[in-house]
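Beneath this line is the structure, given in structure tokens, with notes to follow.
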Amino acid sequence: MKKVLKTIAAVLAFIAVTSNANAQLYLTGSFGMSNTTNGDDSSEPTHNVFHIGAEVGYYFTDNMAFGGEVRFYHDKYIDANDKKYWDADNSFQFNPYFRFDFVANDKINFGVKTKAVLGFGKTKNQDKDKSKYTDIRFGFFPVLNYKFNSHWSAGVEFGSLYYQHYVTKNPNNDNKDKTNKWSANLSWESLGFSVVYTF
């Protein structure tokens with residue numbers, strides 16, 4: 001992890017030296033939450049998601065940036081027929097990205113992040129059964145920022161198209177389940193809001 005952070009710091013330092021006068025460093029705090037339930041008569045479980053994170057990025061031109069995110073996710077499913085039965089995931093993500101904005105003006109930045117998602121977490125249930133998992137993704141994530149002034153802006157991220165490599169390991173044995181697939185996510189759990197400060 002230290003080598004990854006040093007590499008990112010070196011890249012940002014190089015960009016700072018070689019970029020134009022419009023280059024800008026920014027810091028972001030983000031959060032998102034969703035609740036999906038289909039009523040008492042449904043067999044579908046209740047699904048609760050909460051995530052919070054921090055981000056640092058650097059615009060080296062008016063519409064291109066490099067950056068990285070650190071996020072915490074809590075993801076819980078509750079049985080529709082008996083609420084004492086549930087499964088919950090807690091994970092941390094480190095996500096380096098490249099951002100390209102199709103629209104970049106005094107008020108709006110709209111574009112897409114090409115992002116690598118490196119996630120590590122644990123799953124548990126009401127019986128305290130646990131498993132560990134690794135979630136690695138590479139994909140595209142639309143993002144929009146609205147600028148209030150030269151320093152402050154609000155951001156929205158919604159939706160994704162990504163390739164996922166997912167590995168689950170039972171800590172009681174050496175069994176591993178692996179999944180590799182392309183996925184698109186347009187559900188409310190993908191929605192995130194952010195507050196951005198630009199230096």
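The values are calculated or read from the model by the stated rules, or taken from the named source; none is laboratory data. Only a predicted model underlies this, so the values are computations on that prediction, with no experimental measurement involved. In this analysis, Cβ positions are derived from the backbone assuming ideal geometry, glycine residues included, and neighbour counts consider all displayed protein chains. Remember, those area values only see protein heavy atoms, side chains included, never the ligands or the DNA or RNA. Shrake-Rupley method; radii C 1.70, N 1.55, O 1.52, S 1.80 Å.
Points worth noting:
- q = 0.12, 0.14, 0.29 Å⁻¹, region 121-187: log10 I(q)/I(0) [Debye, one scatterer per Cα]: -0.53, -0.64, -1.15
- Computed lengthening from Thr179 to Ile136, 0.36 nm per intervening residue step minus Cα-Cα distance: 14.4 nm
- Backbone N atoms of region 130-153 closer than 12 Å to the 7 Å Cα→Cβ label point of Gln164 belong to residues 134-138.
- Relative contact order (%) - criterion: Cα under 8 Å, at least six apart; region: region 82-194: 20
- Relative contact order of region 31-152, defined on C-alpha pairs under 8 angstrom at six or more residues apart (%): 18
- Once the chain from Val70 to Lys128 is taken as fully extended at 0.36 nm per residue, the excess over their C-alpha distance is 18.2 nm.
- With a threshold of 29 Å on the Cα-Cα distance, the over-threshold entries among Lys84/Lys113; Lys147/Lys181; Lys83/Lys130; Lys76/Lys147; Lys83/Lys113 are Lys84/Lys113; Lys147/Lys181; Lys76/Lys147; Lys83/Lys113.
- When the solvent-accessible area of region 44-199 is split by element, carbon and sulfur atoms take up 59 percent of it, the probe being 1.4 Å.
- For region 86-199: rounded, prolate or oblate by the Cα gyration tensor [a/c cutoff 1.5]: prolate
- Chain lengthening between Leu186 and Ala116 when straightened (0.36 nm per residue, less Cα-Cα): 23.4 nm
- Inter-label distance, Ala154 to Thr37: 2.7 nm, where each label sits 7 Å from its Cα along the C-beta direction.
- Cα-only Debye scattering, region 20-131: base-10 log of I(q)/I(0) at q = 0.17, 0.23 Å⁻¹: -0.88, -1.21
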